[in-house]
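The values are calculated or read from the model by the stated rules, or taken from the named source; none is laboratory data. This one's a predicted model, so the numbers in the text were calculated from it and none came from an experiment. All Cβ positions, even for glycine, are placed from backbone atoms using ideal geometry, and neighbour counts span all protein chains on display. These accessible areas exclude ligands, DNA and RNA; they are computed on the full protein's heavy atoms, side chains included. Shrake-Rupley method; radii C 1.70, N 1.55, O 1.52, S 1.80 Å.
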Amino acid sequence: DLARLADLVLVSAEGAGNWIQSHKALYHASRAVREEGLIVLEAPCPEGIGDERFRHWISQPTLAEIYAGLRQHPEVLGQTALSTKVRGARTILVTNMKPEEQRHLGIQTAPDLDRAVRMAFERLAQNGISKPSYYLMPQGLTVVPFPPV
């Protein structure tokens with residue numbers, strides 16, 4: 001159990017082959033970060049974004065279109081795409097995916113972990129958080145934080 005939510009969560013999806021698997025680390029990290037906070041996610045994704053069905057969902061231009069599609073055809077990959085879009089809005093991603101796959105995700109990227117952390121600190125400072133609280137989640141695929149009630 002977490003005593004409090006953090007301003008910043010640094011999480012690794014090391015070992016995940018693709019984005020669909022890496023999303024689990026993003027989801028877990030989102031349970032530990034404040035609503036105004038940020039996530040830095042290291043997700044190499046050597047196999048890329050995942051399968052073509054996920055690509056269909058993640059390529060939808062708006063959240064409204066994903067919601068509408070899910071109402072007609074509910075499926076897990078659509079829910080993963082929706083979660084990616086919502087949680088990705090406050091995430092900085094470090095990945096080896098091809099640029100076109102990164103664009104599908106719609107998540108801000110950084111070339112390396114050092115730069116991602118600097119970017120996160122800069123964004124937090126712009127929001128008045130000069131000394132952010134943080135959590136490190138080196139095993140983000142398997143660690144499930146339980147936020148305070």
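Details
- Kirkwood Rh in Å, taken over the stretch 22-132 so that all alpha-carbon pairs contribute: 14.7
- The chain, relative contact order in percent, only Cα pairs under 8 angstrom and at least six apart counted: 39
- Size of electric dipole in the chain: Cβ of Lys, Arg +1 and of Asp, Glu -1, about Cα centre, debye, nearest 20: 340
- For the stretch 1-87, the Cβ-based charge dipole about the Cα centre amounts to some 220 debye (Lys, Arg positive; Asp, Glu negative; other atoms uncharged).
- Gyration tensor verdict on the stretch 99-149 (Cα atoms; rounded if a/c is under 1.5, prolate if a/b is larger than b/c, oblate otherwise): oblate
- Spatial extent of the stretch 5-59: Rg and Dmax, with the Cα atoms as the point set, Å: 12.2, 35
- Measuring nothing but protein heavy atoms, the accessible surface of the chain at 1.4 Å probe radius is 52 percent carbon and sulfur.
- Full-stretch length increase - Leu2, Tyr67 - with 0.36 nm per residue and alpha-carbon distance subtracted: 20.3 nm
- Glu75 accessible area, 1.4 Å probe, all protein chains in place, Å² to nearest 10: 50
- A simple spin-label model places pseudo-atoms 7 Å from Cα toward Cβ; at Glu36 and Glu100 they are separated by 4.1 nm.
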